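Inspection log for the structure reproduced underneath, given as C-alpha cells.
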C-alpha cells in the first residue's frame, strides 16, 4: 500500500496565483466593444429565417446505413445554412454534411431534429414517422 496523502483544508484562497505577476488592464472602451461584439454574436446565432423544410429518410446506395436529409430551404437562407447545420449537428450529437441545399445527418434523426427546427421557427413536413 502507498503512503497516505495529507490534505490541508483551509478557508482562504490559494496563495499561489500563476497570473498574479501579470499586470494587464483593459480600458472601458475595450470592455464595451468586447461586450457589444458578444451581443452581436448571440443574436446572430439565435436568428434563423424559418420557413418550410421537408425531411426524408434514405438507405439506398449507402451500404444499408440510414441517413436523415432535410431539404427545401428557401433560396435566401443559403448563407445561414452552415450556421444552422453546425448548431443542429451539435444538438443531435451526430455526424453529417451539407450537400448543395440539403442537410444530411447520420442515422434516423427525424423527430429530434424536427423538434429543434420547430423551436427555431421552421415548419417540418415529410416522413416524420
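The values are calculated or read from the model by the stated rules, or taken from the named source; none is laboratory data. If you're wondering where the values come from, they're calculated on a predicted model, not measured in any experiment. Neighbour counts run over all protein chains shown; Cβ positions are idealised from the backbone, glycine included.
Quick notes on this one:
- So residue 97, is it closer than 16 Å to residue 116 by Cβ, within 21 Å of the chain's Cα centre (by Cα) and surrounded by fewer than 13 Cβ atoms within 10 Å (Cβ to Cβ): no
- For region 81-123, the set of residues classified as in a strand (DSSP E or B), in contact (Cβ under 8 Å) with a residue 40 or more places away in the chain and within 25 Å of residue 61 (Cα to Cα) consists of 106, 107, listed by residue number.
- Among residues of region 27-57 being surrounded by 10 or more Cβ atoms within 10 Å (Cβ to Cβ) and part of a loop (DSSP other than H, G, I, E, B), the one that is modelled with the highest pLDDT is 50.
- Residue match in region 71-80 (condition: at pLDDT below 75, part of a loop (DSSP other than H, G, I, E, B) and exposed (fewer than 10 other Cβ atoms within 10 Å of the Cβ)): yes
- Every test in (1) within 16 Å of the chain's Cα centre (by Cα); (2) over 15 Å from residue 124 (Cα atoms); (3) at pLDDT 85 or above is passed by residue 84 save one, and that test is (2).
- Within region 101-109, one or more residues are over 18 Å from residue 52 (Cβ atoms), out of contact with any helix residue (DSSP H, G or I) (no Cβ under 7 Å at 6 or more places or on another chain) and surrounded by fewer than 16 Cβ atoms within 10 Å (Cβ to Cβ).
- If you go through region 99-108 and pick out every residue that is at pLDDT 90 or above and at negative phi, you end up with 5.
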